[in-house]
Amino acid sequence: MNLFRLLSLLLLITLLAGCAQPTAAPSADVQSPAEVQPTAAPVAASQIRVETVWGRPSPMIADAGAFYMIIHNDGLEADRLISATAATSACGKVELHTTTQDSAGNSVMVPVEAIDVPAGGSVELKPGGLHLMCTPRSADFKPGQGLDIELTFEKAGLVATTAALRWEAVPVPAESIKVFTPGALTEAAKALGKAFQAAGGKVAFEMGHSPTHRMQIAEGAPGDVFISASEKDMTEAATAGLVIADQVHTFATNRLIVILPAGNPGNIQSLEDLARSGLKLIIAAPEVPVGKYTDTVLGKLDAKFGGGYKDNLLANVISKELGVAPIVSKIKLGEADAGIVYVSDATIAPELDTLLIPDELNLLVKFTIAPLSAARLPADAQKFIDFVMSVEGQAVLQSFGFLPGIK
Ligand SMILES: [Cu+2]
């Protein structure tokens with residue numbers, strides 16, 4: 001606690017102890033005495049104040065949202081947030097979460113019992129850290145509007161506030177286009193953005209899962225360009241009129257590959273070896289496009305090898321991840337003997353060993369791009385798409401291991 005606030009508090013205590021009438025607060029930092037129980041002496045142990053309260057739909061989990069804020073405790077004793085609820089049916093329930101790193105360094109959310117607010121101090125709930133999770137979120141969770149929420153503190157009791165709901169963590173500048181981008185393109189998108197900006201364009205990428213992005217665009221999330229890691233989501237977006245159907249382009253392709261920790265500790269010499277009992281494998285979950293592609297390829301391998309190949313291989317799977325990044329980082333750490341990811345992921349992780357999947361047993365994954373029908377900056381959206389399809393844009397993508405697009 002800084003000295004000024006301490007002095008202010010002591011002054012307030014003196015004033016309250018000395019007279020029965022509420023007195024004007026001596027400092028803007030201290031809650032108005034009108035809100036303090038006049039009979040309380042000393043002042044309430046905990047005086048909670050919340051500010052910068054906002055929320056957004058989760059860019060990763062389709063039916064979830066999150067709330068963030070700064071909680072101040074101007075009181076003399078530590079307090080803790082123990083529960084929260086939304087005033088309307090916007091959220092099935094509101095959970096207290098924190099974000100931590102798993103053993104491979106990937107961000108994972110875990111529920112916490114309470115959020116501590118130190119006496120005279122504050123705690124910030126923010127993306128990538130502590131947050132309140134709205135799950136499931138309903139259509140009443142409307143970006144652009146306010147949502148009343150109630151916070152319950154162990155000592156201060158109920159504190160009501162309103163979260164300003166929006167789509168973006170960081171507002172995209174008016175002159176910049178916003179591109180909904182799948183996680184598989186994270187590194188390539190950064191390089192594309194740099195090259196596009198060097199050419200005079202302005203672009204911001206919203207990273208997330210393609211099915212979630214498609215749903216949020218349907219809900220009215222503002223943006224200019226949709227890049228999809230799955231043809232299915234792009235087709236559905238076109239059918240629903242969310243993107244301009246005759247301007248959908250396949251700007252890059254990819255295939256799947258098996259990655260192995262350096263030195264191949266599982267001694268995996270062939271695709272058939274993946275079904276050998278005792279191995280540990282990590283693949284993508286069926287909720288994300290790469291997980292669906294993995295399932296398709298495993299079906300082809302099963303048809304070729306027979307003998308319960310796919311079932312035996314799946315019995316070796318120790319975890320299914322919501323994207324390629326966690327698979328790559330866990331294989332780098334040797335947490336499993338093999339993983340299945342995109343060829344482009346292996347290209348940017350040269351320290352890993354690989355096992356190729358022949359074209360006839362593989363599939364050609366198409367990454368598609370299209371302007372949103374409701375693009376805010378349609379001319380700039382078109383410029384970006386032209387850039388991605390240009391010789392320069394294609395060279396950037398291929399340096400990240402992507403195969404050429406289809407004109
Ligand atoms: Cu969460």
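Please treat every number below as a calculation from the coordinates, not as lab data. Keep in mind the model is a prediction, meaning the values are calculated, not measured. Reconstructed Cβ throughout: ideal geometry from the backbone, glycine too, with neighbour counts over all protein chains shown.
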Here, GluC sites (Glu not before Pro) of region 142-215 satisfying both criteria (DSSP loop; at most 13 other Cβ within 10 Å) are GLU175
Computed, not fitted: 222 nm per-residue ellipticity of the chain from DSSP H runs ≥ 4 (each -39500 (n - 2.57)), nearest 500, equal to -8000 deg cm²/dmol
Computed about the Cα centre, the charge dipole of the chain from +1 Lys/Arg and -1 Asp/Glu charges at the Cβ has a magnitude in debye, to the nearest 20, of 420
Taking ARG255, ARG56 and counting other beta carbon atoms within 10 angstrom, the fewest-first order is ARG255, ARG56
To the nearest 20 debye, region 44-165 has a Cα-centred charge dipole, built from +1 on Lys and Arg Cβ and -1 on Asp and Glu Cβ, of 300
Amide H neighbours of LEU165 at under 5 Å, excluding residues fewer than 5 places away on the same chain, with H built from the backbone geometry, are GLY55, GLY144, GLN145, GLY146, LEU147
In nm, the gap between the two label points placed 7 Å beyond Cα toward Cβ at LYS304 and SER270 is 1.1
Computed from the beta carbon distance with a Förster radius of 25 Å, FRET efficiency for THR85 and ALA169 to the nearest 0.05 stands at 0.60
Given pairs LYS93/LYS366; LYS126/LYS383; LYS178/LYS232; LYS202/LYS407 and cut-off 32 Å on Cα-Cα distance, the over-length ones are LYS93/LYS366; LYS126/LYS383
Reduced to Cα centres, the span from region 349-407 to region 224-278 in Å works out to 11
Proximal lysine pairs in region 256-361, meaning Cα under 18 Å and 8 or more positions apart or interchain, come to 11
Residues meeting the amide H criterion for ASP79 (H placed from the backbone, H to H distance under 5 Å, 5 or more places apart or on another chain) are VAL117, ALA119
Here region 70-86 yields Karplus 3J(HN,Hα) values (6.51, -1.76, 1.60; θ = phi - 60°; whole Hz; Gly and Pro given as x) of 10, 10, 9, 10, 8, x, 9, 10, 4, 9, 8, 6, 10, 6, 8, 9, 8
If TYR309, TYR293, TYR342 are placed from fewest to most neighbouring beta carbons inside 10 Å, the sequence is TYR309, TYR293, TYR342
If the chain between THR98 and GLU187 were fully extended at 0.36 nm per residue, the gain over the current Cα-Cα distance would be 29.5 nm
If the label point sits 7 Å along Cα→Cβ of ILE318, residues of region 332-353 with amide N under 13 Å come out as 332-339
